[in-house]
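Following: one structure in C-alpha cells, then a few remarks.
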Amino acid sequence: MTSDKKTILSGMRPTGKLHLGHLVGALENWVALQDTYANYHLIADYHALTTNLDSSGLYQNSLDMVIDWLAAGIDPSKSPIFRQSQIKEHTELHLILSMLITAARLERNPAVKDQVRELHIQNVSYGHLGYPVLQAADILLYRGDLVPVGEDQVPHVEISREIARRFNAQYGKVFPEPEPKLTKFARLPGLDGIDRKMSKSGGNTILLSDPPDEIQRKMRTAITDPQKVRKNDPGHPEVCLVYTFHQKFNADDTSAIERDCRSGALGCVECKKRIAGKIGEVLAPFREARAHYDAHPGDVKEVLADGEKRARVRARETMEAVRGAMKLG
Ligand code: TRP
C-alpha cells in the first residue's frame, strides 16, 4: 500500500485444469508482470455461477486452477491469490456500483451477448446481466490501474472505467480508471481447426497437466494443411495450425520445419510427433508441480488463506474510502 508500484488486478473463472491457451494468453503475461507491478490474482468463483448454478465443483476447480498458476511461476509471496467469494467486500461494492450503470448499457454489452449466444441461454439472469458490474467491483476493490486481458474482455473493462468515472464524479475521487493491458500473443487455435480459440467447451485443448502420451494422442487429431494429403506433398505452414504451435513452443526449429514442410521432406505425422514432444518438455514443470501439490494439498490451501488475508486488507481499505466518500458513516 505504501508501494508506488501500479496495481494490476487479474482474474479468471475457475473452470478447472487450465490449457495451453491460458498459458499463452494469460499466465505467461502475469508472470512477466509480477516484478514490476503490485499484482492481485483473483479467482472469480462468483462469476462462474453466472453461467452454471452448480456450485459443487467450484472449490476443487479453484484449487486445480491455483496449482496451474503456481506451476506457471506465479509467486504467491509477491502476488496474493484469492477467491472472490471469500472477500465479502466484493458483494458490498458490487451493490453500490450497480446503481451507477443503466440496465440498457448492460444489455448492449457485446461480451455478455456473445456468451448468451454461445451457451444458448434463453433467459439471462439479473446476476448474469450484471457480470461486468461484478467485474468492475473486482477491479476497483483493489484500486487496480491495469487489467491484463484478451480482446474479448475489453468491453467489460470499458464498463469498469465508466463506473469508476461515474462514482468519482458523484461522490469524489476514490478509484483510478482501470486500463486493459492486452496480451501480446494472439490466441492459440483449437486442435480441431473449427474453433479459432482453444476453449474448454470445445474439447480441442491440451491441458497443462496432460502427460506426454496424452499430448501425442491429442496432437495426432490436429487438423493440418488440407492440401498436404500425402506425406511428400508440399505443405503450406501459413495455413497449418500445427505450425502455429511450432512457432510458439519450438521457436529454434521453426525455420527448418517450415522449409521441410514446404519441400515435402517432412510429413504431418512426424511434424506433429515433434511438436507434441516439445510441448511435453515445456509442460514438465507443470506435471512436477501437480505431483508435488497432490502430495501436499495443504500447501495450496495455505497459499489461498494467506492471499485472502492480504487481499482483505486492501479491500477493507478501499471500502472505508468508499463509505467515507458516500458519507455512509
Ligand atoms: N471475465 C473474466 C473472464 O471470463 C474473469 C474475470 C472476473 C476477470 N473478474 C475479473 C478478469 C477481473 C479480469 C479482472 O476471463
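The numbers here are math on the coordinates, done by the rules we state, and not lab data. All of these numbers come straight from a predicted model, not from anything done at the bench. Quick reminder, even Gly has a Cβ in these numbers, built from the backbone with ideal geometry, and neighbours come from all protein chains shown.
Mean silhouette area of the range 210-290, derived from the convex hull of its C-alpha atoms and averaged over all directions, reads 4.9 nm².
Our summary of shape: the Cα atoms of the range 58-161 have principal axis extents of 42, 30, 25 Å, ordered from largest down, in whole angstrom. Computed from the C-beta positions of residue 254 and residue 103 and an R0 of 51 Å, the FRET efficiency is 0.55 to the nearest 0.05.
What the phi angles of the range 47-63 give under the Karplus curve with 6.51, -1.76 and 1.60, with θ = phi - 60°, is a coupling list of 4, 4, 5, 5, 10, 8, 6, 6, 9, 5, x, 4, 5, 4, 4, 5, 4 Hz, glycine and proline written as x. The three principal axes of the C-alpha atoms in the range 160-299 carry coordinate ranges of 69, 41, 29 Å, sorted with the longest axis first.
Contact order for the chain, expressed relative to its length and based on alpha carbon pairs under 8 Å spaced 6+ residues apart, stands at 22 percent. Normalised by the number of residues in the range 64-156, the mean separation of alpha-carbon contacts (under 8 Å, six or more apart) gives a relative contact order of 35 percent. Calculated mean residue ellipticity, 222 nm, the chain: -15000 deg cm²/dmol, from DSSP H runs (n ≥ 4) at -39500 (n - 2.57) each, averaged per residue and rounded to 500. Spin-label pair residue 182-residue 152: with each label point 7 Å from Cα along the Cα-Cβ axis, the two points sit 1.7 nm from one another. Toward the positive end of the charge dipole of the chain, with +1 on the Cβ of Lys and Arg and -1 on the Cβ of Asp and Glu, the farthest Cα among 23, 134, 96 is that of 96.
So if I place +1 on the C-beta of Lys and Arg and -1 on the C-beta of Asp and Glu, and nothing else carries charge, what would the dipole magnitude of the range 39-132 be about its Cα centre? I want it in debye, nearest 20.
Working: 7 positive and 10 negative charges, 61 e Å.
Taking the Cα centre of the range 39-132 as origin, the dipole is about 300 debye.
Eigen-decomposition of the gyration tensor built on the alpha-carbon atoms of the chain gives equivalent ellipsoid semi-axes of 40, 22, 18 angstrom, largest listed first.
Counting other Cβ atoms within 10 Å, keep those with at most 11, restrict to DSSP loop, and tell me which trypsin sites (Lys or Arg not before Pro) in the range 1-65 are left.
5
Of the peptides 278-291, 133-146, the order by per-residue mean of other Cβ atoms within 10 Å, starting with the highest, comes out as 133-146, 278-291.
For the pairs 197/228; 88/113; 88/327, flag any whose C-alpha to C-alpha distance is greater than 25 Å. From the list (197/228; 88/113; 88/327), the Cα-Cα distance tops 25 Å for 88/113. Close amide H contacts of residue 11 (hydrogens built in the peptide plane, cut-off under 5 Å, sequence separation of 5 or more or a different chain): 42. Placing +1 on the Cβ of every Lys and Arg and -1 on the Cβ of every Asp and Glu, with nothing else charged, gives the chain a dipole about its Cα centre of roughly 480 debye. Here the simple spin-label model places points 7 Å from the Cα toward Cβ, and for residue 328 and residue 287 these points are separated by 5.0 nm.
For the pair residue 169 and residue 310 in one chain, pulling the backbone fully straight at 0.36 nm per residue adds 47.8 nm over the alpha carbon distance. Rg and Dmax of the range 28-81, based on Cα coordinates, read 12.7, 38 Å. DSSP assigns beta bridges within the chain; of those with both partners inside it, close to 5 percent run antiparallel.
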